[in-house]
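**Student:** Below are the structure tokens for one structure; questions will follow.
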Protein chains: 4
Amino acid sequence: MNFASDNAAAVAPEIMAAIAAANQGYALAYGNDQATRRVEVLFSEMFEREVAVFLVSTGTAANALALAHVTPPWGAVLCHAQSHITTDECGAPEFFGGGLKLVGLQGEAGKIDAATVSAAIARLSGHRPHQVNAATLSLTQATEAGTIYRPAEISVLADIAHRGGLKVHMDGARFANALVRTNMSPAALTWRAGVDVLSLGATKGGALAAEAVIVFDPALAAMLPERRKRSGHLLSKHRFIAAQFEAFFRDDLWRVLARRANAMADLLAAGLAARGIAPVWPVEANLVFVAITEHRHRRLQDAGATYYVRNHDGMPANVIDGGAMLARLVTSFSTTKSDIDRFVAIAGAS
Amino acid sequence: MNFASDNAAAVAPEIMAAIAAANQGYALAYGNDQATRRVEVLFSEMFEREVAVFLVSTGTAANALALAHVTPPWGAVLCHAQSHITTDECGAPEFFGGGLKLVGLQGEAGKIDAATVSAAIARLSGHRPHQVNAATLSLTQATEAGTIYRPAEISVLADIAHRGGLKVHMDGARFANALVRTNMSPAALTWRAGVDVLSLGATKGGALAAEAVIVFDPALAAMLPERRKRSGHLLSKHRFIAAQFEAFFRDDLWRVLARRANAMADLLAAGLAARGIAPVWPVEANLVFVAITEHRHRRLQDAGATYYVRNHDGMPANVIDGGAMLARLVTSFSTTKSDIDRFVAIAGAS
Amino acid sequence: MNFASDNAAAVAPEIMAAIAAANQGYALAYGNDQATRRVEVLFSEMFEREVAVFLVSTGTAANALALAHVTPPWGAVLCHAQSHITTDECGAPEFFGGGLKLVGLQGEAGKIDAATVSAAIARLSGHRPHQVNAATLSLTQATEAGTIYRPAEISVLADIAHRGGLKVHMDGARFANALVRTNMSPAALTWRAGVDVLSLGATKGGALAAEAVIVFDPALAAMLPERRKRSGHLLSKHRFIAAQFEAFFRDDLWRVLARRANAMADLLAAGLAARGIAPVWPVEANLVFVAITEHRHRRLQDAGATYYVRNHDGMPANVIDGGAMLARLVTSFSTTKSDIDRFVAIAGAS
Amino acid sequence: MNFASDNAAAVAPEIMAAIAAANQGYALAYGNDQATRRVEVLFSEMFEREVAVFLVSTGTAANALALAHVTPPWGAVLCHAQSHITTDECGAPEFFGGGLKLVGLQGEAGKIDAATVSAAIARLSGHRPHQVNAATLSLTQATEAGTIYRPAEISVLADIAHRGGLKVHMDGARFANALVRTNMSPAALTWRAGVDVLSLGATKGGALAAEAVIVFDPALAAMLPERRKRSGHLLSKHRFIAAQFEAFFRDDLWRVLARRANAMADLLAAGLAARGIAPVWPVEANLVFVAITEHRHRRLQDAGATYYVRNHDGMPANVIDGGAMLARLVTSFSTTKSDIDRFVAIAGAS
């Protein structure tokens, strides 16, 4: 009953097989190999336009590289106050960005709304050179609360950002989960809606260690190779990270795996709701947040369930009553129905 | 006939098998897994003392983290003028180190001698706060010229460094090659000779992407976890990097593979020397440098040989005559005798 | 009627005279002169203990140097959400601090309370190495709202900070104004109450360009000379900045000037209040904040009054009603009674 | 007999008077005052084109801001191995530039020649993204050896730089000394010869603390205001730095003072040469370098002479014989003939 993180899951067999298959003969190092060439083409096909793509081994690297690339050191990145980039990356964007500033915005269910973005841009524009100025809007898709921005919502936010001179970044560590839930194309969820640069994660979705920075306007990617190299994120045996993405995209594997993870989250949410433990936020990706009593929490832990309890800063007061805890339950492609049934039974017992 | 880089080689089958074997069930992310615990113990055993170890996926990351950790932003790192950290990492040590300065020192055959280090420390000490001050000595083992520092040489340099208040870093991207050539213990080549922090590479030696920062005094490692995380170098599915090192050390695989690479370099050097193309520097690791005419260079390229031609700044004038080129030939565990025979035959033909 | 800033005032005649008087003969550069030696002793006398002191020419430099010195790049500085360091220094602390994070806390009248600090430390401690960790508490004295922390308040906050392993910084750009209002000693308002490092401003108080970083434990100041030099803040003709502080302290000039500025603020506040325009926050230093209608604002501007209108984020909703503006009126040692009378008359006219 | 530095001199009376004269009434802070507007116009007139100018209080700040502005973090600045930016600024360019790399080039008498620059650009171009790439050429005028680049020399070097895609920076801490010696216009010595950005110093030439970054193409100056503010180098009472430059330029004061300093250097050089102590390098600015025996050095010190002894790395072996020391003698506008006569007499005594 492991619901700690989709990072705790193993690697999808198809991806592991691709890594093994790539282990043949010599290949030029540092991305000058054939597998990398192939996967670059693949990314452009996937996103229905020519893109520039940079593979790295962690999501933190992808986010920090992307944000530093589109934000000057004296710029501000507007993001949700609970977003991974500001709470869980130990200041990586600030480090890569030469001391840029992340400005955390409040918003329900992990999402930022248009009024909040507009107000932040207004507040962080014009008082030059005394103030850092709004430079980038970063959206997380799916959000840390397990919710999803629809293309129309992204468009509205991106338009506001672009009118204010900002670039739009999307942290897509769980992009595939959003993709299959909305049943939209990758293009519709990104550049067609105004996203300038995407951190696309494969690791949580089943890869070993494979993340990509995708710059939709290749001209905007100038000098990103230097940024990546200089941060130590250019792998020498690059074919093995390319191979992971090739397998991820082949036969729609990324959607297959994401659908499985999402389905397990739905099952878990439905099971808990049926026992009176309704999810705190809409379950749209592979994350289920529930308020549980400490009594139930202990019982689950005693039974071997693994998951994290989150602080609930900024949550509406009525969501969590005094004694309850906010449990974050993460499913993955490898979550089984039997684990869910067992978890629901224990959690739901009186 | 690929002699471009040991990075162009594939992954040793034993290591690939270990990666696949690690792909079972759940494991806590970010290094909180059992494989990581096991490999930490293994490192301490290998080095005959309790060490702090941090696994990352590139050598540039290992070097930059290590150097930034022991050098303040206003400090200077003394290193060979041709060392990888100053010529090939796009300023990663400067970036990680908040703008520290690398000071390149001249020295024959890739090695720095005691007088040079002493003079550099004298020149970069005391004119405070106007001058950056010598803070770290970085030695490459094996060197970029394919030579090796013996323990006694390291001791002499490390003593000079320590007396001047410097820490000693070793870039061990090809540490195993030095290890088997000298037939010394890992401890003898490092902390017993005065090395404070080692970047130990496994990738060039047969791994997929596995490098380690080893801090010999664990107390000195405080806050290195934050540095690693913040630079994006803490892998989420950490068990797979731990598995690579477990396999690397198991049954002395690292020595077995390094011996094979060194033996191939010896064979290559001997073959070329017999045909009048003597190596420029002593062949002590898996690198052979030879001066070849452009005519021969073209013939080799036409035959499909792959290798890099290096600039020869700082080389004794008599080594390379006017028209010759400096070819760097790198062998690896996967180099075959037949490739060498063929290369030697083509290179040596009149 | 200039109430724009105490920075808009000229230099106090006593300080200008001291600068001119220092212009005799040769003096060693970079702080190796006699005037600097004398003023270092003076600082220690003023603060009743041996201190380390570093003179610079701007308050932003003093704050950024102080914060960067006590906060690691992966640390968080807790400060008021409206504090100068986070709203008006264009990210200087982040730049000097290698990408540290400023965490803005809410609090009434520019002050942070104990519960807020405790909660922030709790939230930003322990989730290592994923989260930046609380490293420093920064208090502004007097605050941006013109209010003052009493020694007992500072002690409570500093104790909480120290128990959590944080250092305490005080931004004392208007320290003298707080000093004379509380009638406490410099020591009582700083290190005796738990402040570890103080940015002490003289510029707003009447100097030309003179600010000091004071480190109360000199051992903590190691390497601050390098930080200052490297940031370009070590003046070559250093005697002239030393001379400003000598004059500032001589015959209690700093208190004399601050009392004058505070008295003018009191007069202004009383005059406005008598006409129904009560200050928004207690007037404790040389700042008066009032809510004025746009109609009155225009009339004042037309009459030549100069002051800034501030945004009122985080202010209690009832303070500023819909149409009103928040005017910040700053007095200085050079403000005249006639200017105040005239301003009050115009503002108060029906 | 103070020949330690032109920084040890006092402030020229005309400049001190201008500072005092600026001390009238209110002026908007941070450069929004009338004196700043006036001086900006003055700079454009001086340089015969519209320029963007940023005043700061130290030469290190001017150099570091200028270099960081035209060099990306992954870029290299080519400069003389003995230049102030690489030997005496404690890594300020690296800090401001996010970890850029200074590459020290050898050259006689403090000057870099065309072949050396060409070779460095060739060596530091193209091996992307592994290598930092040559981005900026920095020339010092007058050089640290007291020599001067003529316009034709600058043009040749700047052309090479521009063809390689580099920008050209000039460290003009002693620009006025070069100006009057060559009898050229400021434009001829800078942008007409290809200089893109100039650090123009007034402090060594007689100001209190006044340096300027001059960007010859104003479009290239975008975001320099943010860089300056964020580094703490935007003075609040900005009128007083503007006043220094106004006085510096008024009635050609800068040339008057520089001529005086140069003339004193000529006198000193001639006097010493007449006694057999010939200058090591041509005396073209206000610096005289001589080789003196330790015996004479002691005698001068005993007589109260102040000057620095420099290391002589990179000097031709024949310049300094075994026992001699390299003395750097700096004159300034305030050096007197009697000091020189006395110094020469003592130095020249048998």
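The values are calculated or read from the model by the stated rules, or taken from the named source; none is laboratory data. It should be emphasised that the depicted structure is a prediction, and the values quoted were computed from it without experimental measurement. Positions of Cβ are backbone-derived with ideal geometry, glycine not excepted, and every protein chain shown enters the neighbour counts. SASA here: full protein model, heavy atoms, side chains in, ligands and nucleic acids out. Shrake-Rupley method; radii C 1.70, N 1.55, O 1.52, S 1.80 Å.
**Student:** Taking the Cα centre of region B:11-251 as origin, work out the dipole magnitude from +1 charges on Lys and Arg Cβ and -1 charges on Asp and Glu Cβ, in debye rounded to 20.
**Tutor:** For this selection, approximately 340 debye.
**Student:** Given a Förster distance of 60 Å, report the FRET efficiency between D:S125 and A:A345 from their Cβ-Cβ distance, rounded to the nearest 0.05.
**Tutor:** Efficiency at R0 = 60 Å is approximately 0.35.
**Student:** Further question: Accessible area per residue, 1.4 Å probe, Å², for region B:254-348: what's the number? Walk me through the intermediate numbers first.
**Tutor:** On the way: 4190 Å² over 95 residues.
Averaged over the residues of region B:254-348, the accessible area is 44 Å².
**Student:** Net charge near D:L55: determine it from the other residues with C-beta under 14 Å of the C-beta of D:L55, scoring Lys and Arg +1 and Asp and Glu -1. Working shown, then result.
**Tutor:** Numbers: positive: D:R37, D:R38, D:R227, D:R228, D:K229, D:K237, D:R239; negative: D:D33, D:E40, D:E211, D:E246.
Value of the local net charge: +3.
**Student:** Name the helices (complete DSSP H segments) of chain C with a Cα length along the long axis of 24 Å or more and a Kyte-Doolittle mean of at least -0.5, or state none.
**Tutor:** C:253-274
**Student:** Projected onto the charge dipole of region D:191-350 (+1 at Lys/Arg Cβ, -1 at Asp/Glu Cβ, origin at the Cα centre), which of D:F240, D:A305, D:L208 gives the Cα projection farthest towards the positive end?
**Tutor:** D:F240
**Student:** Just add up the charged neighbours of B:V180: K/R +1, D/E -1, any other residue whose Cβ is under 9 Å from the Cβ of B:V180.
**Tutor:** +3
**Student:** Label-to-label distances across copies for C:T306, with labels 7 Å out along Cα→Cβ, in nm, shortest first?
**Tutor:** Copy-to-copy label distances for C:T306: 3.9, 6.5, 6.9 nm.
**Student:** For label points placed 7 Å from Cα toward Cβ, what is the shortest-first list of nm distances from C:H162 to its copies?
**Tutor:** 3.7, 5.6, 6.2
**Student:** With charges only on Cβ, +1 for K and R and -1 for D and E, what is the dipole size of region A:254-348 about its Cα centre, in debye, rounded to 20? Before the final figure, lay out the partial values.
**Tutor:** Details: 11 positive and 8 negative charges, 58 e Å.
The dipole of region A:254-348 has a size of about 280 debye.
**Student:** Here's another thing I want to ask about it. Pick out which of C:A92, C:A161, C:A29 has the largest mean-square fluctuation in a Gaussian network model of chain C, springs linking Cα atoms closer than 10 Å.
**Tutor:** Looking only at C:A92, C:A161, C:A29, the biggest GNM fluctuation is shown by C:A29.
**Student:** A follow-up question, please. Please sort D:112-121, A:299-308 by packing, taking for each peptide the average over its residues of neighbouring beta carbons within 10 angstrom, highest first.
**Tutor:** Values: D:112-121: 17.1, A:299-308: 15.0.
So the order, starting with the most tightly packed, is D:112-121, A:299-308.
**Student:** Between chains D and C, what is the buried accessible area in Å², counting both sides, with a 1.4 Å probe and ligands, DNA and RNA left out, to the nearest 100?
**Tutor:** 4200
**Student:** Turning to a different aspect of this structure: When chain D is turned about an axis onto chain C, which of its residues keeps its C-beta closest to that axis, and how many Å is it?
**Tutor:** Output: D:S57, 2.
**Student:** Please report, for B:P282, the nm distances (one decimal) from its label point, 7 Å out from Cα along the beta-carbon direction, to the equivalent points in the remaining copies, shortest first.
**Tutor:** 4.8, 7.1, 7.8
**Student:** Packing-wise, with mean Cβ within 10 Å as the measure, how do A:205-213, C:265-273 rank, highest first?
**Tutor:** Numbers: A:205-213: 27.7, C:265-273: 20.7.
Result, highest mean Cβ count within 10 Å first: A:205-213, C:265-273.
**Student:** Separate question: For B:20-32, what's the mean count of beta carbons from other chains sitting within 10 Å of each residue's beta carbon?
**Tutor:** 5
**Student:** Same structure again: In peptide D:222-229, what is the residue-averaged number of other protein chain Cβ atoms found within 10 Å of each Cβ? If you can, show how the numbers build up before the last one.
**Tutor:** On the way: counts 0, 7, 1, 5, 12, 6, 2, 13.
If you average over the peptide's residues, the count of other-chain Cβ atoms is 6.
**Student:** Please give the solvent-accessible surface of B:R296 in Å², to the nearest 10, using a probe radius of 1.4 Å with every protein chain present.
**Tutor:** Surface open to solvent at B:R296 totals about 60 Å².
**Student:** Just the number, please: carbon plus sulfur as a percent of the accessible area of the protein assembly as shown, 1.4 Å probe, no ligands or DNA/RNA counted.
**Tutor:** 53
**Student:** Over 22 Å between Cα atoms: which of B:K101/C:K229; B:K229/D:K101; C:K204/C:K337; A:K101/D:K237 fall into that group?
**Tutor:** On the way: B:K101/C:K229 15 Å; B:K229/D:K101 25 Å; C:K204/C:K337 19 Å; A:K101/D:K237 27 Å.
Long pairs (Cα-Cα over 22 Å): B:K229/D:K101; A:K101/D:K237.
**Student:** Given the -39500 (n - 2.57) contribution per DSSP H run of 4+ residues, what per-residue ellipticity at 222 nm results for the protein assembly as shown, rounded to the nearest 500 deg cm²/dmol?
**Tutor:** Result for the protein assembly as shown: -11500 deg cm²/dmol, rounded to the nearest 500.
**Student:** Would you be so kind as to list the residues of region B:129-144 that have their accessible area lowered by at least 10 Å² in the full protein complex compared with their chain by itself (1.4 Å probe)?
**Tutor:** B:P129, B:H130, B:Q131, B:V132
**Student:** Same structure, new question: If we count every other residue with Cβ under 11 angstrom of D:D217's Cβ, Lys/Arg +1 and Asp/Glu -1, where does the sum land?
**Tutor:** Value of the local net charge: 0.
**Student:** Mind checking the mean number of beta-carbon atoms from other chains within 10 Å of the Cβ atoms in A:94-107?
**Tutor:** Taking the mean over all residues of the peptide, I get 6.
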